[in-house]
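Engineer: Pasting a structure below so you can have a look.
No lab work stands behind these numbers, since they all come straight from the coordinates. Note that the structure is predicted; figures quoted are calculated from it, not measured. Reconstructed Cβ throughout: ideal geometry from the backbone, glycine too, with neighbour counts over all protein chains shown.
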Amino acid sequence: MKKQMRKKKKLLLLCVLLCIPIPCAGEEGALSSYRAVLYSYTRYRLLKNGGSYSTTGAFTFFSFNFL
């Protein structure tokens, strides 16, 4: 019984650790990305004509960022 609980706790801890993102900033603030082992999110800030900014994002599952 105790061994099963230990295995469940270890598995839960592993899942949590795989989902913690690491922030990475691009040059001049135009790109910011958050990378975890299981996913990545990238936010782009593009300068349009007239001085306004356009913000878009890209979300990727299983991107294997650390290979």
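Engineer: Each residue of segment 37-44 in turn: what ³J(HN,Hα) in whole Hz from Karplus with 6.51, -1.76, 1.60 and θ = phi - 60°, glycine and Pro shown as x?
Structural biologist: Using θ = phi - 60°, the values come out as 5, 8, 7, 8, 10, 10, 10, 9 Hz.
Engineer: Also, I was wondering about something else. Given the options Pro23, Gly50, Leu12, identify the residue whose Cα lies farthest towards the positive end of the charge dipole of the chain (+1 on Cβ of Lys, Arg; -1 on Cβ of Asp, Glu).
Structural biologist: Leu12
Engineer: Once both axes come from the Cα atoms, what is the angle between helix 2-18 and the longest principal axis of the chain, in degrees from 0 to 90, rounded to 10?
Structural biologist: Tilt relative to the chain: about 10 degrees.
Engineer: Percent relative contact order of the chain, based on C-alpha pairs within less than 8 angstrom and at least six residues apart?
Structural biologist: Values: 95 pairs, mean separation 14.9, N = 67.
Once normalised by length, the contact order is 22 percent.
Engineer: Related question: Considering all projection directions equally, how large on average is the shadow of the alpha-carbon convex hull of the chain, in square nanometres?
Structural biologist: Numbers: hull surface 23.5 nm².
For the chain, the mean projected area of the Cα convex hull comes to 5.9 nm².
Engineer: Just Leu18, Leu47, Leu31 to compare: in a GNM of the chain, with alpha carbon springs under 10 Å, which one fluctuates most?
Structural biologist: Ranking Leu18, Leu47, Leu31 by mean-square fluctuation puts Leu47 first.
Engineer: Under a cut-off of 22 Å between alpha-carbon atoms, report the lysines in cross-link reach of Lys48, not counting same-chain residues fewer than 8 places apart.
Structural biologist: none
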